[in-house]
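Scroll down for the structure; my scribbles are underneath it.
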Amino acid sequence: MTAGPGCAPVRDIASREDIAALVTAFYGRAFADPLLGPIFVDVARLDLAAHLPIMCDFWETVLFRAGTYHRNALRAHAALHARSPLTPPHFARWLELWAGTIDDLYQGELAERAKLQATRIAGSLRRRLAGEPASELVTISRRHHPAEHS
């Protein structure tokens with residue numbers, strides 16, 4: 001069982017169902033976010049019902065090496081970036097919401113790996129889309145002091 005906001009998480013990410021709960025909660029927050037919401041809703045015109053299984057495939061592949069994701073994430077983000085540039089504040093907010101959602105629901109090795117991988121992915125996208133360094137992107141976790149990530 002996972003914890004809700006305000007409750008201490010009791011276990012790690014362990015299954016595709018856990019990933020589905022995570023991405024559903026994350027996208028609920030992202031769609032409502034004043035910075036990210038317009039990117040998802042107005043620019044990408046994202047069909048959330050169609051997008052969630054794709055993101056489950058992505059994170060299942062990242063965390064469990066399931067091999068279920070067969071798309072090109074860079075190409076999708078490059079098309080979006082061409083319509084509306086993805087800026088450093090977009091990446092930072094995405095990471096903040098992602099890490100906060102994980103921290104609200106899970107704790108453990110895979111939860112930490114999901115945050116670390118997201119930081120690496122955000123950095124790679126920033127470098128490849130805009131040619132910008134991503135050295136200031138750090139995994140954000142409410143359970144860890146920022147100095148621990150230096």
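Return yes when Thr101 is hydroxyl-bearing (Ser, Thr, Tyr), modelled with pLDDT of 95 or more and under 13 Å from the mean Cα position of the chain (by Cα) and no when it is not.
Values: hydroxyl-bearing (Ser, Thr, Tyr): yes; modelled with pLDDT of 95 or more: yes; under 13 Å from the mean Cα position of the chain (by Cα): yes.
Yes, satisfied.
Looking only at segment 17-51, filter to residues that are of a type in the set (Asp, Glu) and modelled with pLDDT under 95; which one of those is nearest to the chain's Cα centre (by Cα)? Give the derivation first.
Taking segment 17-51 and keeping what is of a type in the set (Asp, Glu), we get 17-18, 33, 42, 47.
From what's left, modelled with pLDDT under 95: 42, 47.
Working: Asp42: 19, Asp47: 17 Å.
Among those that are of a type in the set (Asp, Glu) and modelled with pLDDT under 95, it is Asp47.
Considering only segment 94-104, I want to know if a residue exists there that is in a loop (DSSP other than H, G, I, E, B) and among the β-branched types (Val, Ile, Thr).
Narrowing segment 94-104 to residues in a loop (DSSP other than H, G, I, E, B): none.
No, the conditions are met nowhere in segment 94-104.
The values are calculated or read from the model by the stated rules, or taken from the named source; none is laboratory data. Predicted model only: the values in this text are computed from it and were never measured.
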